[in-house]
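A short worksheet on the structure shown next.
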Amino acid sequence: MSLEANKELVKNFYQSIVVRGEFDKIPLYMGENYTQHSILAANGVEGLKQFVSEHRAKYPDTRLEFKRVIAEGDLVVTHSHAVFYEGHQGSAVIDIFRVEDDKVVEHWEVFQDIPERTLSGNSVF
């Protein structure tokens, strides 16, 4: 796949599976051996499904806006604004995905709550 195709794969995976919980689309986007480095989810498809199900039950109105999507080699990095409920400032999230054979097979993430203001006066985005 090209770098642009990898970026589209990751964006579609994230919105379909992680944000909307469309588990029927997992075979389109995820490899069978999915390695998870997040502190919030277990390895594998079932680990991700459990995390997404629990998150969606708690925050059914979650929305995510990609601010940046960068690809190099087999890695895709997203810098996103995630909002979990009305009135929530949101979180700044950086995810790194590894793509193999046109599927997402590995994931790392870091995130932080967005403060009302920063010392620099600059946005986190």
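The values are calculated or read from the model by the stated rules, or taken from the named source; none is laboratory data. For clarity, every value in this text was computed on a predicted model and none was experimentally measured. Ideal geometry is used to build each Cβ from the backbone, glycine not excepted, and the neighbour counts take in all protein chains shown.
Structural remarks
- Given (1) farther than 20 Å from residue 46 by Cα; (2) out of contact with any Leu (no Cβ under 6 Å at 6 or more places or on another chain); (3) modelled with pLDDT of 95 or more; (4) of a type outside the set (Phe, Trp, Tyr), number of the condition residue 82 does not satisfy: (2)
- Subset of the range 1-29 that is under 23 Å from residue 84 (Cβ atoms) and hydrophobic (A, V, I, L, M, F, W, C) - its residue that is surrounded by the fewest Cβ atoms within 10 Å (Cβ to Cβ): 23
- Residue within the range 20-43 that is touching a strand residue (DSSP E or B) at 6+ places or on another chain (Cβ under 8 Å), among the β-branched types (Val, Ile, Thr) and in a helix (DSSP H, G or I) present: no
Here is a yes/no grid of residues against (1) closer than 20 Å to residue 100 by Cβ; (2) among the polar types (S, T, N, Q):
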site	(1), (2)
7	yes, no
13	yes, no
16	yes, yes
25	yes, no
55	no, no
61	no, no
71	yes, no
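- Here residue 98 fits the description: in contact (Cβ under 8 Å) with a residue 12 or more places away in the chain, outside any helix (DSSP H, G or I) and not small (Gly, Ala, Ser).
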